[in-house]
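Notes to accompany the following structure.
The values are calculated or read from the model by the stated rules, or taken from the named source; none is laboratory data. Note that the coordinates shown come from a computational prediction; the quantities given were computed from them, not determined experimentally. In this analysis, Cβ positions are derived from the backbone assuming ideal geometry, glycine residues included, and neighbour counts consider all displayed protein chains. Keep in mind that these areas ignore ligands, DNA and RNA; they rest on the heavy atoms of the full protein, side chains included. Shrake-Rupley method; radii C 1.70, N 1.55, O 1.52, S 1.80 Å.
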Amino acid sequence: QAKSEGRNRFCLYVRSLGQRVVDRLQLENDLRQALRLEQQLFLVYQPQWDLHSGQLIGCEVLLRWQHPRRGLISPAEFIPLAEETGLILPLGSWVLRTALAQARAWREQGLPSFTLAVNLSTAQLTADLPRQISALLRGYELPASLLELEVTETLLMTAPEEATQLLGELKKTGVRIALDDFGTGYSSLAYLSRLPLDVLKIDKSFVDGLPDRQDDVVITRLIIRMAAQLGITTLAEGVETEAQQQFLKAAGCHLMQGYLKAKPLQQQEMAALLLALKSDLS
Ligand code: C2E
Ligand code: MG
Ligand code: MG
Ligand code: MG
């Protein structure tokens, strides 16, 4: 009795595992197709603000995939798949190219220019990346100061020496470097202090607990103070409430992004916002 039950459960498990493998293969094929067609992929732009002056200072570029049958799929779902299959390289290039083309278009529309922060997967950080970035900036005739690259701590965990050197090479092209999701990884503070970082992004998981959770309060204050000592700008991500904003401002955090001020915007919405703020920015 118990044995056959166990067998049935095993069959069920195998079938669902098989189904998951098929689903993944299907999704991988669909992603390849999306990259070829270039119609299902698009970018959204989440404004970033100065906590003290209230000015718009830039935006984070976020990838979206409008799947023909499954609807909008979150990058949290398809980026890991792209990383495992190697599709992240063409996908990452597409994001960089499209973001810079958009910056160029906004510039030609006479809109004020501001920073675009593009997320990079660790797999994209190859020795050839600095050259690619320079070539793209030259191609679109854009200043390097317009571009910020967001990397995560996982980069430092496998090969910290190489990572430090590559980030140095990237810095030489004139772009800025931000460390994303800070505090969620396990990077050593010693390496952190050696990295050529411009911005440290305080992860949403800490911001969520502000201003009431004591451990989040302590950690956030610590991050801000440490960054200040190292001459690094702090940006809090996922700010949703007025109380969180007030706390961060008082704690000396410089920048923020989050639903409180704006969700990620479609290209037209971002252009409208830029137009409305035009005098503000220049
Ligand atoms: P991330 O870089 O940490 O991006 C921040 C995420 O938090 C975004 O989710 C954004 O929409 C969301 N967010 C921002 N403000 C708030 C808020 O106030 N409340 C809440 N609940 N959420 C907020 P999204 O767009 O789903 O992106 C998820 C992750 O996918 C990103 O995390 C990033 O790691 C990755 N990703 C997105 N676009 C790209 C890309 O072009 N390339 C690579 N390699 N990764 C990307
Ligand atoms: Mg990011
Ligand atoms: Mg982040
Ligand atoms: Mg995050």
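Per-structure values
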{"item": "Point-charge dipole on Cβ atoms (K/R +1, D/E -1) for the chain, about Cα centre, debye to 20", "result": "600"}
{"item": "Compactness of segment 10-138 as Cα Rg over 2.2 N^0.38 Å, two decimals", "result": "1.28"}
{"item": "Extension reserve of the A243-E38 stretch, reckoned as 0.36 nm per residue once the Cα distance is removed", "result": "69.7 nm"}
{"item": "Reduced Cα scattering model of the chain, Debye log10 I(q)/I(0), q = 0.14 Å⁻¹", "result": "-1.09"}
{"item": "Max mean-square fluctuation residue, GNM over the chain, Cα-Cα springs under 10 Å, options Y45, Y186, Y140", "result": "Y186"}
{"item": "Carbon/sulfur fraction of accessible area - the chain, other protein chains in place, 1.4 Å, %", "result": "53"}
{"item": "Inter-site label distance for E269 and S93 at 7 Å from Cα along Cβ, in nm", "result": "3.1"}
{"item": "Surface per residue (accessible, 1.4 Å probe) for segment 168-279, Å²", "result": "49"}
{"item": "For segment 67-73, 3J(HN,Hα) per residue [Karplus equation, 6.51 cos²θ - 1.76 cosθ + 1.60, θ = phi - 60°, Hz, x = Gly/Pro]", "result": "7, x, 10, 8, x, 6, 9"}
{"item": "Folded to 0 to 90 degrees: helix 267-276 orientation relative to the chain principal axis, Cα", "result": "20"}
{"item": "Amide H within-cut-off set for A236, under 5 Å, with H built and near neighbours excluded", "result": "I202, L255, M256, Q257"}
{"item": "Nearest-ten-degree value, helix 2-37 long axis tilted from longest Cα axis of the chain", "result": "40"}
{"item": "FRET efficiency, K278 to L222 (Cβ-Cβ, R0 35 Å, nearest 0.05)", "result": "0.35"}
{"item": "Length added when fully stretched, A250-T164, from 0.36 nm per residue minus Cα-Cα", "result": "27.7 nm"}
{"item": "Pair D198, Q214: separation of 7 Å Cα→Cβ label points (nm)", "result": "3.9"}
{"item": "Spatially proximal aspartates and glutamates relative to K278 (Cα-Cα < 17 Å; intrachain offsets below 8 disregarded)", "result": "D50, E108, E269"}
{"item": "Per-selection Rg to Rh, segment 171-282 - Cα, Kirkwood hydrodynamic radius", "result": "1.01"}
{"item": "Long-range HN-HN contacts of E60 with modeled amide H, under 5 Å", "result": "Q46, Q48, A117"}
{"item": "Beta bridges per DSSP with both ends in the chain, % antiparallel, nearest 5", "result": "40"}
{"item": "Spacing of the two label points (7 Å from each Cα toward its C-beta) at T154 and T126, in nm", "result": "1.8"}
{"item": "For segment 169-184, 3J(HN,Hα) per residue [Karplus equation, 6.51 cos²θ - 1.76 cosθ + 1.60, θ = phi - 60°, Hz, x = Gly/Pro]", "result": "5, 4, 4, 5, 6, x, 7, 9, 10, 10, 9, 7, 6, 5, x, 8"}
{"item": "Estimated 222 nm signal from helices in the chain, with DSSP H stretches of n ≥ 4 weighted -39500 (n - 2.57), rounded to 500", "result": "-16500 deg cm²/dmol"}
{"item": "Computed E for N29/K172 - FRET, C-beta separation, R0 41 angstrom, nearest 0.05", "result": "0.60"}
{"item": "Residue-by-residue Karplus 3J(HN,Hα) for segment 115-131, coefficients 6.51, -1.76, 1.60, Hz, glycine and proline x", "result": "5, 10, 9, 10, 6, 10, 7, 4, 4, 7, 7, 9, 4, 7, 4, x, 5"}
